[in-house]
Amino acid sequence: MSKPTDLVQGTLDLLILKTIALEPMHGWAIAQRIHQMSGEVLQVGQSALYPSLHKLEQNGWISSEWAVSENNRRAKYYTLTRAGRKALEQEAAQWERLSAAISLIVRTA
Amino acid sequence: MRLATIIRLRLRSLFLRKRVEAELDEELRYHLEREASPAIAGIEQRKEECRDTRGLNLLDNLAQDFRYAIRQLRKSPGFAATSIFVLALGIAANVAIFAFVDAALIKPLPYHDPGRLVSIFETNRTSEQYPASYPNYLDWKRLNKLFRSVDAYDMNGGLTLTTSAGPELVAATRVSAGFFRTLGVSPVLGRDFENGEDSVSAPETVLLSYSAWQQRYGGRPDALGQTVTLNGTPRTIVGVLPRDFYFTPTGSPEFWATLRESGATFHESDPCEKKRGCHNTGVIGRLNEEVTVQAALASMQSLAHELEKQYPDSNRDQGANVLALSEVIVGNVRPILLMLLCGANLLLLIACINVTSLLLARSDGRQREMAVRGALGASRARLFRQFATEGLVLVALGSSAGLIAGGWFMQILKSLIPAGMVASMPFLAGLGLNLRLVAYACCISLIAGVLFALAPMARARLTEMLEDLKEGSRTSAGTTWRRLGANLVVAEIAVAMVLLVGAGLLGKSLYLLLHESVGFAPDHLATLAIEAPAASYSKKELFIALEQQLVEQVGQLAGVKSVGVSNGLPVGGIGTVWIRVVGRPFHGEHNEVSTRVVSATYFSTLGARLWRGRYFDETEDSSKPLVVIINRTMARQYFPNEDPIGKQIAPTVPPRPPIEIVGVVDDVREGSLDSAPRPVIYRPFNQASSRFVSLIVRTSHADGQIFPSLAAVIHRINPAILIHGEATMTERINNSPAANMHRSSTWLVGGFAAVAFLLSVVGLYGVVAYSVSRRTREIGIRMALGARRESVYRLILREAAWLAGVGTVLGIGGSIAATTLMRRLLFGVRSWDVPTLAAAALALVISALLASYIPARRAACVNPVEALRAE
């Protein structure tokens, strides 16, 4: 499992929030979906994912509950809360501004 | 909304720990199972990272440290018990003394705005704090400008209460009508005195103290309106004072009556209050806003100057003095209390240092453990937290034990104070465990805890840790502590020696004092004092008749072997008179001798020995020639080479006719136990007489069983006679002021000595144990090279004996110096009393050797192979 760079670590929260904005998911499914949606570029390891998930939960941006997963085992499903939705918007806007600024610098030769 | 969720989650992590951990475990395992290519499961690390985000690590680790510390303490119960005991001792002593400091100095006075209250004194050539006279007080009250109010209290202490059982002497005082208003105190029941209630024409009223209300009237509200007869005057109870009220200058009176101009005190037919030259009034005042004590002082001084000019006979050279009331109340106890507090803090410091050295001796074996922990990734802060927790656990246990023990120490200290002094320090009633005490205990415990936490850390520096992993390291920190510890122990032993010698000398003084020959047989003697009411007994003949009745009727009681009457008792106060010897040239010298008036049977009842001549005869009254008996000291001083019998002496001021000496008795101790014998003359009761009469009865039983029958007989003669001061002679001797003072100082110094002794023994043990632990390797080598166990013992004990010896020698020097300062307190022993010094030195050296026996044994039992391998 590759340890993501610091930049991605900070935006991992954003990715998680966006992923579960669509539907509630458990940890493994979130990792899979991110891998999928990024065109198989981003691989989120266990060591980054779960601390982030727990931190987001402690902040009150996502909530969790136990349910039976697709392979008939118990898993912890995470949902976006209302505060989380607002945080998602803010984080997304922040990311746009940041990435635009970086692209501007990198592209000028 | 978010906050509630956050709090709920944190609380859940805190209290439902197991469930949360299980969930985390399950979640991570689920992920692992779904992984297509499961990597080496660092599941514990993942869990750790998740836990980190939960932000409760601190509490977790603290709980862990706490459990570990308790385990460590349980593993070495000897160390734990010793340290906790030593700490508890130091903290208990501190708490007990601080309780006194708190009750006396810190607790606010029970008056409204006590900073505005002052005490006003007169000054004269002998004193700066002289009581005022009543007429002066009235003028002060009328003419002052800077006081909101000025009020007075009577300095005389007792009044006679008439009860159904006969007259009783009670503590009571008289105050002006506005007294309590000036203090800002209101009664809890009933009302205060009204203005003008202290004028001569107003009806007599009285206020009860709270304890008197509880004890005499059961705390019932119907006490109001009842009448009490004090000094023959019926007075109505109009109010009850608050429970926590006290006014130190008057002691603890039960009844507060009004002070009025014509109030004749019991002992004088010519009332003191009318005389400007008679000083028995205490004065207090409340300053106006913004007025300073200095301004008030200047104002009162000029006022006193005016009065001096107006009344030159009585007020000459008399000024005024104004002092803050709080100063007057606590002024003379403050230095003693603060000195005691310093002493107790010193003891605590020594206790802490002892425990620290014990901790260090233990932590030696843990160097390796710390090094390994450091290598595994523990930060310095983490290690420090470990030590800090251990130190805090020790301190917490020690201080809880100390608080409890402190409560006991408080009661013991309180019981040491002689009864007379307790009445004059009424703030002692408020002595007890309160918030301030607990706060103080927590404060000093915290400081102690910090000390303990820092000490082992001083050794576990990071660079050292690597070295410690290697064999046989001896860091310089160890040697420094060893030297420091050794010096401290020598100092401790010296201090303990000084205190022990002091306590020993005081104890010996007390013993000698109590067994001092008093010149008569004090066992089986019952004594009491009576006062005949002025109304019924106004003439000399009536006194004599009363005395004869007493001797006759008491002598007929069962259990009474003989009766004597005098105007005072041995081992008490005695009056003096100036005399001259008839037939010798006299130029107005003041030859002062003590004098007593006694009945004919006085000496035989006491068991005093007649040396020459004869005793008085019962028939010798004023119609016969005047006679006198003198004591041996008087004979030695005034008639050194001749027979005093037949000679005559005469009082000079006022001049009286000469009296013939008819007998000489062996010295009876009149006056204080520790004063030198004085010349005394004894006059027969039938010739000199007195209204104050003390009865001495030789009984067949040793204890005070005779008192009720004595009281019955006396009241049969006249029910209005006031009886007080019943005590057996042995009780009187044991409770005399000299005996009390010696006893209290002996116990106090003895207490400190015991604590210092224990602490120094523990300190010595700590230092020796520490040095043994440092030298384990050396001892192992020695034993491997052929040294026998005895030589190892000798090695260790020699070090201990050296420390103890140096300490003792220093202590001897110090104690001689200290006891020379204390000379005044000693009775019958020299400052450098050899047996006491030798006993104290021996006690210290023996206990030092015993204390070092344990580490010596541990050293001797070292397995050489292990010692060489370990470290």
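Quick look at the values:
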read-out	value
The listed residue being assigned to a loop (DSSP other than H, G, I, E, B), touching an Asp or Glu at 6+ places or on another chain (Cβ under 9 Å) and surrounded by fewer than 21 Cβ atoms within 10 Å (Cβ to Cβ), out of B:Pro570, B:Pro585, B:Pro625	B:Pro625
Check on A:Trp95, within 12 Å of chain B (Cβ to nearest Cβ) and among the hydrophobic types (A, V, I, L, M, F, W, C)	no
Considering residues of segment A:72-108 that are assigned to a strand (DSSP E or B) and of a type outside the set (Lys, Arg) only, the residue farthest from A:Glu57 (Cα to Cα)	A:Ala75
Selection count where residues are within 9 Å of another protein chain (Cβ to nearest Cβ), free of Cβ contacts under 8 Å to residues at least 40 places away in the same chain and out of contact with any Leu (no Cβ under 9 Å at 6 or more places or on another chain), scope segment A:59-83	8
Single residue of segment B:104-144 satisfying the filter (of a type in the set (A, V, I, L, M) and at pLDDT below 85) that is surrounded by the most Cβ atoms within 10 Å (Cβ to Cβ)	B:Ala104
Residue count for segment B:806-830, restricted to those that are of a type in the set (S, T, N, Q) and surrounded by fewer than 18 Cβ atoms within 10 Å (Cβ to Cβ)	1
Members of segment B:512-561 found to be of a type in the set (Lys, Arg) and at pLDDT 85 or above, listed by number	B:Lys561
Residue selected from segment B:53-67 under the condition in a helix (DSSP H, G or I) and at pLDDT below 70, by the criterion nearest to B:Ala22 (Cα to Cα)	B:Arg54
Any chance B:Gly751 is assigned to a helix (DSSP H, G or I), closer than 23 Å to B:Tyr511 by Cα and among the small types (Gly, Ala, Ser)	yes
Among the candidates B:Ser672, B:Ser736, B:Ser709, B:Ser690, residue that is among the polar types (S, T, N, Q) and touching a strand residue (DSSP E or B) at 6+ places or on another chain (Cβ under 6 Å)	B:Ser690
Among the residues listed as B:Ala453, B:Ala441, B:Ala429, the single one being surrounded by 18 or more Cβ atoms within 10 Å (Cβ to Cβ), at pLDDT below 80 and assigned to a helix (DSSP H, G or I)	B:Ala453
Options A:Lys55, A:Lys18; residue that is within 14 Å of chain B (Cβ to nearest Cβ) and among the basic types (Lys, Arg)	A:Lys55
Residues that are without any contact (Cβ under 8 Å) to a residue 60 or more places away in the chain and not hydroxyl-bearing (Ser, Thr, Tyr), drawn from segment A:95-109	A:Glu96, A:Arg97, A:Leu98, A:Ala100, A:Ala101, A:Ile102, A:Leu104, A:Ile105, A:Val106, A:Arg107, A:Ala109
Strands (runs of 3 or more DSSP E) wholly inside segment B:69-171 containing at least 3 residues that are within 22 Å of B:Gly406 (Cβ to Cβ) and of a type in the set (Lys, Arg)	none
Count - residues of segment A:67-89 that are surrounded by fewer than 17 Cβ atoms within 10 Å (Cβ to Cβ) and within 18 Å of A:Pro51 (Cα to Cα)	1
Matching residues, segment B:710-742, being among the small types (Gly, Ala, Ser), buried (at least 16 other Cβ atoms within 10 Å of the Cβ) and in a helix (DSSP H, G or I)	B:Ala711, B:Ala738, B:Ala739
Check on B:Tyr602, within 27 Å of B:Leu528 (Cβ to Cβ) and aromatic (Phe, Trp, Tyr)	yes
Candidate set: segment B:272-291, residues that are basic (Lys, Arg) and not in a loop (DSSP other than H, G, I, E, B); chosen: the one surrounded by the most Cβ atoms within 10 Å (Cβ to Cβ)	B:Arg286
Yes/no for A:Gln46 being without any contact (Cβ under 8 Å) to a residue 12 or more places away in the chain, within 14 Å of another protein chain (Cβ to nearest Cβ) and within 22 Å of B:Tyr30 (Cα to Cα)	no
Filter result for the condition that a residue is buried (at least 16 other Cβ atoms within 10 Å of the Cβ), among the charged types (D, E, K, R) and farther than 26 Å from B:Gly725 by Cβ, over B:Arg181, B:Arg191, B:Arg216	B:Arg181
Selected residue (only one of B:Ser379, B:Ser400 is modelled with pLDDT under 80 and among the polar types (S, T, N, Q))	B:Ser379
Yes/no for B:Asn434 being in contact with a Leu (Cβ under 9 Å, 6 or more places away or on another chain) and either more than 24 Å from B:Val761 (Cβ to Cβ) or at pLDDT 80 or above (or both)	no
Only listed residue being modelled with pLDDT of 90 or more and touching a strand residue (DSSP E or B) at 6+ places or on another chain (Cβ under 7 Å), chosen from A:Ile105, A:Ile30, A:Ile20	A:Ile20
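Rundown of residues vs (1) over 30 Å from A:Lys86 (Cβ atoms); (2) exposed (fewer than 11 other Cβ atoms within 10 Å of the Cβ); (3) at pLDDT below 80; (4) not hydrophobic (A, V, I, L, M, F, W, C), yes/no style:
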site	(1), (2), (3), (4)
B:Thr5	no, no, yes, yes
B:Arg17	yes, no, yes, yes
B:Glu26	yes, no, no, yes
B:Glu35	yes, no, yes, yes
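The values are calculated or read from the model by the stated rules, or taken from the named source; none is laboratory data. In this text the structure is predicted, and so the values were computed from the model without any measurement. Positions of Cβ are backbone-derived with ideal geometry, glycine not excepted, and every protein chain shown enters the neighbour counts.
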